[in-house]
1. Say whether the condition of being among the acidic types (Asp, Glu), more than 17 Å from residue 249 (Cα to Cα) and in a strand (DSSP E or B) is met by at least one residue in the range 308-320.
2. Considering only the range 452-477, state which residues are open to solvent by less than 70 Å² (accessible area, probe 1.4 Å) and either at pLDDT 80 or above or under 60 Å from the mean Cα position of the chain (by Cα) (or both).
3. How many of the residues making up the range 233-254 are among the charged types (D, E, K, R) and surrounded by fewer than 20 Cβ atoms within 10 Å (Cβ to Cβ)?
4. Search the range 90-111 for residues that are in contact (Cβ under 8 Å) with a residue 24 or more places away in the chain and over 20 Å from residue 142 (Cβ atoms) and pair each with any residue that is in a loop (DSSP other than H, G, I, E, B) and aromatic (Phe, Trp, Tyr) when their beta-carbon atoms are under 8 Å apart and the residues are at least 6 apart or on different chains.
5. If I filter the range 91-116 down to residues being within 18 Å of residue 150 (Cα to Cα) and not β-branched (Val, Ile, Thr), which single residue comes out as modelled with the lowest pLDDT?
6. Report the residue count in the range 53-93 for those that are open to solvent by less than 100 Å² (accessible area, probe 1.4 Å), among the basic types (Lys, Arg) and within 26 Å of residue 384 (Cα to Cα).
7. Please go through the range 239-280 and give me each residue that is more than 14 Å from the chain's Cα centre (by Cα), hydrophobic (A, V, I, L, M, F, W, C) and part of a loop (DSSP other than H, G, I, E, B), ordered by number.
Amino acid sequence: MASPRLDSEKVKDAQDELEMKVAKYSRGKGADLKALRDKKLKAQLTAREKLYDKSAKHAAMTDKWLMPTEGGFLEPENDLEKSYRFKQDDVLEEVDLLSSKKPFDMILPVLGPYTIEYTSNGRYMLVGGRKGHLAMMDMLSLNLIKEFQVRETVRDVTFLHHEQLYAVAQKKYPYIYDRHGTEIHCLKEHGKALKLQFLTKQFLLASINSFGQLHYQDVSTGEMVANYRTGLGRTDVMRVNPYNAVIGIGHAGGKVTMWKPTSVKPLVTMLCHHGPVTAVAFDRGGHLMATSGVDRKIKIWDLRKYEVVHSYAARAQSLDFSQRGLLACSNGSQVEIYRNMDGHDYKLYMKHRMMKGYQVGKVLFRPYEDILGIGHSMGLSSILVPGSGEPNFDTFIANPMETTKQKREREVHALLDKLPPETITLNPNMIATVRAPKKKEKKTKKEIEEEMEDAIEAAKNIERKKKTKGRSKPSKQAKKKEEDVFRAKRPFLEESKEIGGRPDKKQRVGEKVELPKALQRFAKKPQS
């Protein structure tokens, strides 16, 4: 039987933990209401402060039950100790047995360099070698599902709506394969694709080819939704924003353009660098964008204001944001991970140097795991990055442990919940809201004249009752008609004053007319 002392300690610890979580969701220190003299305002502010405290406690209780696991980072013990000085061997000595089995080095020197891709739940990994090597792995059991050789160049790989299908950008066209390596489709309309991205909620496969053409194809119906020329030349830098499904493309002129399938022109064009853009990455929340260029700069952009938050003197061939906001950059044989310390101020968090001569091609964080996948010239690698993955997963969105039945149901639900391409906007919160009324456009002079003539005709055709005692004389009826006509003309005369000139006033023959600048050179010059 537990002693009352131990029970009281447990209760105290639970209360302290709850207070810490309440402080996390609170809006800061409340206002000092003692100095207020207005009783009504004081009562309103007191009620509001109570409501804020109540909502913070409710959010803390919800967090306690729905998010039981908390993520941790490498924390230095003092100011002299730096987290980036810890090597992978030091981290592996401190973690549990299950986590220590996740990092690996796979040396494949013949068919590289390699590119990698993970499913949305992080369970499966797709590997593509430049010289035609394709492989699919189950990262939970580290079993090889399928491995085959296409015997031609492989530029990029991406999963479709689940792990059963994936797309590969090969030498001439993109191809779609199933998990057994069987070719399902050849997408000849895309041409020589250099980069592939898949929009999960819209079931759209996007590609950019060697001529700078952007293609969108619906994989559920096979319909080609859009085909646009970017007009900024060849590029292989493309990334999808997970927040609003807008495609970001980096160009050789230092520009980054953002596209959606229903717009012929880019939604946004940003001049980000003074040279070719080498990599683009979007944060999970969709409000931050990281870009790197040949000018040896990595820039963090706030997409709500389209301004640079921070700029760092570094070079990167590949960029990727983790689920918890860590930023991975690759440069040559070195991989650097940055952490957001405070207010988008990214500081160096971890470093990892590959073997001498290895050239890192792509870095990608594995969802729901503290793992960073690295595709390089000599094969594949995987390293531990504490605090990178989301510790709590929602089984309705992504379930790494899902069964066969759950996979089948998830695919059906995804098709039922499929969004049309028109829902892709820069601000998805505008969907299902009431559109603000548009301001009325000013009418032209001709339209005002036509409306005024109709109003005058209607005023002239008004029939009046005949009255006795001399009130229906022809002179009086004519006078009343003139008044009606003037009353009908008045609003149009006031409207025409804003445009300039009166519509009823005809121009005299001898009156000079000021021609537009474009026609002034054709006017007759006055004789001297």
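1. Within the range 308-320, not a single residue is among the acidic types (Asp, Glu), more than 17 Å from residue 249 (Cα to Cα) and in a strand (DSSP E or B).
2. Those that are open to solvent by less than 70 Å² (accessible area, probe 1.4 Å) and either at pLDDT 80 or above or under 60 Å from the mean Cα position of the chain (by Cα) (or both): 452, 455, 456, 458, 459.
3. Matching residues across the range 233-254 total 2.
4. Correct list of pairs: empty, since none qualify.
5. Residues of the range 91-116 that are within 18 Å of residue 150 (Cα to Cα), as a first pass: 108-116.
Checking the rest, the ones that are also not β-branched (Val, Ile, Thr) come to 108-109, 111-114.
Working: 108: 92, 109: 90, 111: 92, 112: 83, 113: 93, 114: 96.
So the residue we want is 112.
6. Filtering the range 53-93 down to residues open to solvent by less than 100 Å² (accessible area, probe 1.4 Å) leaves 53, 55-56, 59-64, 67-69, 71-74, 76, 78, 81-84, 86, 88, 90-92.
Next, from what is left, pick out any that are among the basic types (Lys, Arg): 64, 82.
Going one step further and asking which of them are within 26 Å of residue 384 (Cα to Cα), we end up with 82.
Residues in the range 53-93 being open to solvent by less than 100 Å² (accessible area, probe 1.4 Å), among the basic types (Lys, Arg) and within 26 Å of residue 384 (Cα to Cα): 1 in total.
7. 252, 264, 272
The rows are residues; the columns are (1) at pLDDT 90 or above; (2) of a type outside the set (D, E, K, R); (3) in contact with a helix residue (DSSP H, G or I) (Cβ under 6 Å, 6 or more places away or on another chain); (4) surrounded by 18 or more Cβ atoms within 10 Å (Cβ to Cβ).
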site	(1), (2), (3), (4)
375	yes, yes, no, yes
385	yes, yes, no, yes
394	no, no, no, no
405	no, no, no, no
416	yes, yes, no, no
420	yes, yes, no, no
423	yes, yes, no, no
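The values are calculated or read from the model by the stated rules, or taken from the named source; none is laboratory data. Since the structure is predicted, the reported quantities are computational estimates derived from the model, not experimental observations. As a convention, Cβ positions derive from the backbone with ideal geometry for all residues, glycine included, and neighbour counts pool all protein chains shown. The area values use the complete protein model at the heavy-atom level, side chains included, leaving out ligands, DNA and RNA. Shrake-Rupley method; radii C 1.70, N 1.55, O 1.52, S 1.80 Å.
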